[in-house]
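The values are calculated or read from the model by the stated rules, or taken from the named source; none is laboratory data. This one's a predicted model, so the numbers in the text were calculated from it and none came from an experiment. Every residue, glycine among them, receives a Cβ derived from its backbone with ideal geometry; neighbour counts consider all protein chains shown. Just so you know, the surface numbers come from the protein's heavy atoms only, side chains and all, with ligands and any DNA or RNA stripped out. Shrake-Rupley method; radii C 1.70, N 1.55, O 1.52, S 1.80 Å.
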Amino acid sequence: MCPPQHFAVEYVINPWMNTDVPVDHALAMSQWTTLKETYEKLGHKVDLIDPQPGLPDMVFAANSATVIDGHVLGARFRADQRVPEAEHYRRWFLEHGYREVTMPTCINEAEGDFTWTGTVLLAGTGFRTDPGAHAEAQEILGVPVVSLQLIDPRYYHLDTALFVLDDRGPAPLICYYPEAFSPGSQRVLARLFPDAVIASSAEAEAFGLNGIADGANAVLPVGAETLGEKIADRGFEIHYVDISEFMKSGGGPKCCTMEIRD
Ligand code: ARG
């Protein structure tokens, strides 16, 4: 995770961002700290990267690498304003002993558009990550990739429309908002995950699909309680976090979190 020291909405690169709506900096810091403490309380280890001045979106750690079995595939951002973030995260991995760190040649916004289900890597495209990055991820990470087409600009990253609840075992459990995907991709998801938890448009708008789960617990934004009930019905414990300040940038709990799978 990256502390939101320099977090702000200084430019507009998705429909949630509006430079006229101020971010409450102290509130952002306390919301982020609560998210971090929630992970720690659930037994997860949180590593930090130093925030950099001039990179207000660096708090969204999910966008800067995809890590599977210790292989690190870095990022290449679409928006000029975010391009320098990728190098800071690349260096973090090198400084922390990671040996297999590869930078992509195609536009690749990492876990913003890549989600590991434990068996396949779901890969979004349409707004940010290039389809070419999907093939690149398959070669570099050595995992099967399933491409999915995003069609609603409000759900510009895969992690705003879908998340994995349980990646253990042969039949992963996922949760998604079908209307964010093209008709063909909706059929792919229905075929691969017939048992999925389906979110409504109101739940998607509350950023409910930007949740994060570990097979037993799900961390969801305040406002996504009806989705939380559906997920609780599948045996999960739900932990709500207020992310009002990050939503002003089109971000939520998952965006603030890169999952490192060693
Ligand atoms: N303002 C950031 C952007 O538009 C938000 C990124 C959110 N991250 C995510 N993983 N969806 O790039």
Legend entry - Ranked packing of 21-29, 79-87, most packed first, by mean Cβ within 10 Å: 79-87, 21-29
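Per DSSP helix of 4 or more residues, -39500 (n - 2.57); summed, then divided by the residues of the chain. What does that give at 222 nm, rounded to the nearest 500?
The per-residue figure over the chain is -7000 deg cm²/dmol.
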Inset, instruction - Could you list which residues have their amide H under 5 Å from that of residue 145, counting only those 5 or more apart in sequence or on another chain, with H placed in the peptide plane? - result: 121
Legend entry - For peptides 225-233, 245-253, sequence by mean Cβ density within 10 Å, most packed first: 245-253, 225-233
Legend entry - Accessible surface ranking that places the most exposed of 71, 44 first, with a 1.4 angstrom probe: 44, 71
Inset, instruction - Just read off the accessible area of residue 88 with the full protein assembly in place, 1.4 Å probe, to the nearest 10 Å². - result: 50
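So if R0 is 30 Å, what FRET efficiency would residue 11 and residue 187 give, r being the distance between their Cβ atoms, rounded to the nearest 0.05?
The pair residue 11/residue 187 has a calculated efficiency of 0.25.
Using the beta-carbon distance between residue 87 and residue 222 and R0 = 30 Å, what value does 1/(1 + (r/R0)^6) give for FRET efficiency, to the nearest 0.05?
With R0 = 30 Å, the Cβ-Cβ based efficiency is 0.30.
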Legend entry - Surface accessible to a 1.4 Å probe, residue 102 within the full protein complex, Å²: 50
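Please state, as a whole number in µm²/s, the translational diffusion coefficient that the Stokes-Einstein equation yields for the chain at 37 °C and 0.692 mPa s, with Rh defined as the Kirkwood radius across alpha carbon pairs.
Translational D for this selection: 181 µm²/s.
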Inset, instruction - Compute the convex hull volume of the Cα atoms of the range 1-74, divide it by the residue count, and report the result per residue in Å³ as a whole number. - result: 117
Inset, instruction - Could you grab the Rg to Rh ratio for the range 116-262? Cα atoms only, Kirkwood for Rh. - result: 0.93
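Report the Stokes-Einstein translational diffusion coefficient (µm² s⁻¹, integer) for the range 189-257, Rh taken as the Kirkwood radius over Cα pairs, at 20 °C with viscosity 1.002 mPa s.
175
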Legend entry - Spin-label pair residue 80/residue 96, simplified geometry with 7 Å Cα→Cβ offset, distance in nm: 3.1
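Using DSSP, restrict attention to beta bridges with both residues in the chain and report what percent are antiparallel, rounded to the nearest 5.
Values: 15 of 30 bridges.
Here the share of antiparallel DSSP bridges comes out near 50 percent.
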Inset, instruction - With a Förster radius of 30 Å, plug the Cβ-Cβ distance of residue 120 and residue 21 into 1/(1 + (r/R0)^6) and report the FRET value to the nearest 0.05. - result: 0.20
